[in-house]
Amino acid sequence: MRKIKKGDEIIVTVGKDKGRRGVVLSVLLGGKKLLVEGINTVKKHVKANPNTDDRGGIIIKTQPIQSSNVMLYDQGSGKGIRVGIKILEDGRKVRYNKATNEVIDV
């Protein structure tokens, strides 16, 4: 089970986008890298291709970010939280907030 999943809101803790929040678009390489909306964007120069009717120019592209550089964002406290995994009495694995022991997945 992954600690950060697709659709989670995260906050960046390290790097040029430190302090910015975004929603996880996809999880790559077995959970080691994340593609986050609006985070770690780069400008790429694209050459025109008349065969496919692609116009040339500069496009803004989102690049993956290391999952160790982000934390799950908690709306209630307004900051990042550490996430753990525990097994409930009925045998389900759930994520929980390590500071408050609240279950994140219901």
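Checking the table LYS3/LYS32; LYS32/LYS86; LYS5/LYS43; LYS33/LYS98; LYS6/LYS33 against a 18 Å threshold on Cα-Cα, which pairs fail?
Working: LYS3/LYS32 11 Å; LYS32/LYS86 20 Å; LYS5/LYS43 26 Å; LYS33/LYS98 22 Å; LYS6/LYS33 12 Å.
Correct reply: LYS32/LYS86; LYS5/LYS43; LYS33/LYS98.
With every protein chain kept in place and ligands, DNA and RNA left out, what is the accessible area per residue of the chain? Probe 1.4 Å, answer in Å².
On the way: 7420 Å² over 106 residues.
For the chain, the per-residue accessible area is 70 Å².
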- Message: Need one value: the accessible area of ILE10 in square angstrom, 1.4 angstrom probe, rounded to the nearest 10.
- Response: 0 Å²
- Item | 5 angstrom amide H check on VAL36, placed H, neighbours 5+ away | LEU25, ILE65
- Item | Amide hydrogen neighbours beyond the local backbone of VAL70, cut-off 5 Å, H modeled | THR13
- Message: Per residue of segment 21-31, what does 6.51 cos²θ - 1.76 cosθ + 1.60 with θ = phi - 60° give for ³J(HN,Hα)? Whole Hz please, x for Gly and Pro, Karplus curve as stated.
- Response: 10, x, 9, 6, 8, 7, 10, 10, 6, x, x
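Calculate the dipole size of the chain relative to its Cα centre from +1 charges on Lys and Arg beta carbons and -1 charges on Asp and Glu beta carbons; express the result in debye to the nearest 20. List each step's numbers first, then the result.
Numbers: 22 positive and 11 negative charges, 92 e Å.
Dipole about the Cα centre, nearest 20: 440 debye.
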- Task: Round to the nearest 10 and report in Å² the accessible area of THR52, as given by a 1.4 Å probe over the protein chains' heavy atoms.
- Result: 80 Å²
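Suppose a student asked you for the relative contact order of the chain, using Cα pairs under 8 Å spaced at least 6 residues apart; what percent would you report?
Details: 202 pairs, mean separation 22.9, N = 106.
Taking the mean separation of contacting Cα pairs over the length of the chain, I get 22 percent.
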- Item | Sparse-neighbour loop sites [GluC sites (Glu not before Pro); segment 18-106; at most 10 other C-beta within 10 Å; DSSP] | GLU89
- Residue-ordered couplings for segment 66-79, obtained by feeding phi - 60° into the Karplus form 6.51 cos²θ - 1.76 cosθ + 1.60 and rounding to whole Hz (Gly and Pro as x), are 5, 5, 6, 9, 10, 10, 5, 8, 10, 5, x, 8, x, 8
- Nonlocal amide H pairs with ARG20, under 5 Å, H built at 1.01 Å: VAL12
- Message: Ordering LYS43, LYS93 by accessible area with a probe of 1.4 Å, largest first, what comes out?
- Response: LYS43, LYS93
- Expressed in square angstrom to the nearest 10, the accessible area of ARG20 with a 1.4 Å probe stands at 110 Å²
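The values are calculated or read from the model by the stated rules, or taken from the named source; none is laboratory data. Since this is a predicted model, take the numbers as computed values, not measurements. Note: ideal-geometry Cβ built from the backbone for every residue, glycine included; neighbour counts use all protein chains shown. Heavy atoms of the whole protein, side chains included, go into the accessibility calculation; ligands, DNA and RNA do not. Shrake-Rupley method; radii C 1.70, N 1.55, O 1.52, S 1.80 Å.
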